1. Could you look through the stretch 228-239, keep only residues that are over 15 Å from residue 273 (Cβ atoms) and of a type outside the set (S, T, N, Q), and pick out the one that is nearest to the chain's Cα centre (by Cα)?
2. Only one of (1) in a strand (DSSP E or B); (2) free of Cβ contacts under 8 Å to residues at least 40 places away in the same chain fails for residue 81. Which number is that?
3. On the basis of being touching a Lys or Arg at 6+ places or on another chain (Cβ under 9 Å) and surrounded by 15 or more Cβ atoms within 10 Å (Cβ to Cβ), does residue 57 make the cut?
4. Look at residue 71 and say whether it is at pLDDT 95 or above, out of contact with any Ser or Thr (no Cβ under 9 Å at 6 or more places or on another chain), of a type in the set (Val, Ile, Thr) and more than 24 Å from residue 170 (Cβ to Cβ).
5. So which of 122, 104 ends up being in a strand (DSSP E or B), at pLDDT 95 or above and either surrounded by fewer than 22 Cβ atoms within 10 Å (Cβ to Cβ) or touching a strand residue (DSSP E or B) at 6+ places or on another chain (Cβ under 7 Å) (or both)?
6. Quick check on the stretch 158-173. Is at least one of its residues more than 18 Å from residue 125 (Cα to Cα) and either loosely packed, with under 15 Cβ neighbours inside 10 Å or among the β-branched types (Val, Ile, Thr) (or both)?
7. If you check 216, 242, which single one turns out to be within 18 Å of the chain's Cα centre (by Cα), surrounded by fewer than 24 Cβ atoms within 10 Å (Cβ to Cβ) and either at negative phi or assigned to a strand (DSSP E or B) (or both)?
8. In the stretch 138-147, is there at least one residue being over 17 Å from the mean Cα position of the chain (by Cα) and touching a residue at least 40 places away in the same chain (Cβ under 8 Å)?
Amino acid sequence: MDPNTGYVYVVNSTQLIGGHNDVTVINPSTGATVADINLGGTPTPQYVAVSADGHAYVTTVAGGLKVIDPVTFAVHTVSIPGGSQMGVAVGNDGQVYVVSTGQVHVYDPSDSSVTAITGIGVTPQFVAVDPNNGMVYVTNEGSNTVSVINPVSNTVTSTISVGAGNGIEGIAVQSTGAYSGYLYVAGNASGQVSVINPDTGAVVKTITGVPAAFGVAIAPTGTPNAGAIYVTSANAAGTVTVIDPTTNQSVGSWDATPGGIVHNGIPHGIAVSPLTGAIWVAASTGTNTVNATQAVFGWQAP
């Protein structure tokens with residue numbers, strides 16, 4: 001989401017039958033499409049992150065990192081070494097962290113440099129940034145670990161074990177309350193969310209009953225329900241679980257039944273507006289639902 005305009009950026013991937021291989025920009029106030037941005041060729045977009053100045057960074061399977069101008073929606077491509085890209089996040093200093101096959105690279109928009117970070121775990125997936133101190137965290141599905149990156153030196157300073165069998169995917173960092181700075185990591189295989197103290201590397205809480213846990217988002221400071229944690233379940237049930245930030249316990253979920261939030265789609269990506277606190281979920285349908293978005297639904301946190 002653009003922190004200035006509130007516009008929602010949604011990737012539409014050709015990995016899904018009927019996908020459009022572009023990026024849709026939505027005005028959250030009206031629900032209207034502002035732009036459908038052609039990325040050129042067939043890059044197969046994956047995930048998107050938006051910087052403080054509104055630039056959108058889109059990872060792709062085969063087309064490099066796509067950078068979208070927030071005013072003109074013009075696209076230019078940054079070559080990133082490695083194979084298929086996955087998660088992406090923008091650091092507090094504007095550096096862009098890109099996860100690709102077995103690697104993490106840092107793109108610095110100020111000088112267009114690309115730097116590799118060594119010492120990442122097996123099969124890295126997603127990346128998150130602490131909004132307060134800027135520390136960067138990468139989930140490694142293959143080794144069930146989280147790599148901790150110092151954003152000043154862009155080196156791995158420690159590795160946190162989440163536990164075998166979790167199949168970890170999404171990650172978010174708490175920004176407020178007693179658990180400020182703590183990590184929330186989705187275990188897709190285990191159906192649970194691990195709460196981690198990054199200072200000690202300890203898993204302080206395991207929240208069960210979150211089947212096929214995938215995407216994680218936390219309501220930012222200054223928004224309604226600040227600190228609330230939202231986790232998508234990437235399965236046919238299509239639930240979104242809500243976790244209370246004061247107790248680290250699940251307080252309920254929404255399902256994909258008619259009239260529900262996800263409306264018969266499989267939810268993957270999730271984000272909370274930094275302006276209004278509205279929650280947006282990217283849901284996919286079709287025979288191949290990997291990282292593909294065909295429906296997005298927004299609702300206000302209760």
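1. 231
2. It is condition (1) that residue 81 fails.
3. Yes; evaluated as a whole, the condition is true for this residue.
4. Criteria met by residue 71.
5. Details: 122 fails: in a strand (DSSP E or B).
That would be 104, the only listed residue that is in a strand (DSSP E or B), at pLDDT 95 or above and either surrounded by fewer than 22 Cβ atoms within 10 Å (Cβ to Cβ) or touching a strand residue (DSSP E or B) at 6+ places or on another chain (Cβ under 7 Å) (or both).
6. Going residue by residue through the stretch 158-173, those that are more than 18 Å from residue 125 (Cα to Cα) are none.
No: the stretch 158-173 contains no residue that is more than 18 Å from residue 125 (Cα to Cα) and either loosely packed, with under 15 Cβ neighbours inside 10 Å or among the β-branched types (Val, Ile, Thr) (or both).
7. Working: 216 fails: surrounded by fewer than 24 Cβ atoms within 10 Å (Cβ to Cβ).
Exactly one of 216, 242 is within 18 Å of the chain's Cα centre (by Cα), surrounded by fewer than 24 Cβ atoms within 10 Å (Cβ to Cβ) and either at negative phi or assigned to a strand (DSSP E or B) (or both), namely 242.
8. The answer is no; no qualifying residue exists.
The values are calculated or read from the model by the stated rules, or taken from the named source; none is laboratory data. Small disclaimer: the values here were computed from a predicted structure and weren't measured. Every residue, glycine as well, gets a Cβ built from its backbone with ideal geometry; the counts of neighbours run over all protein chains shown.
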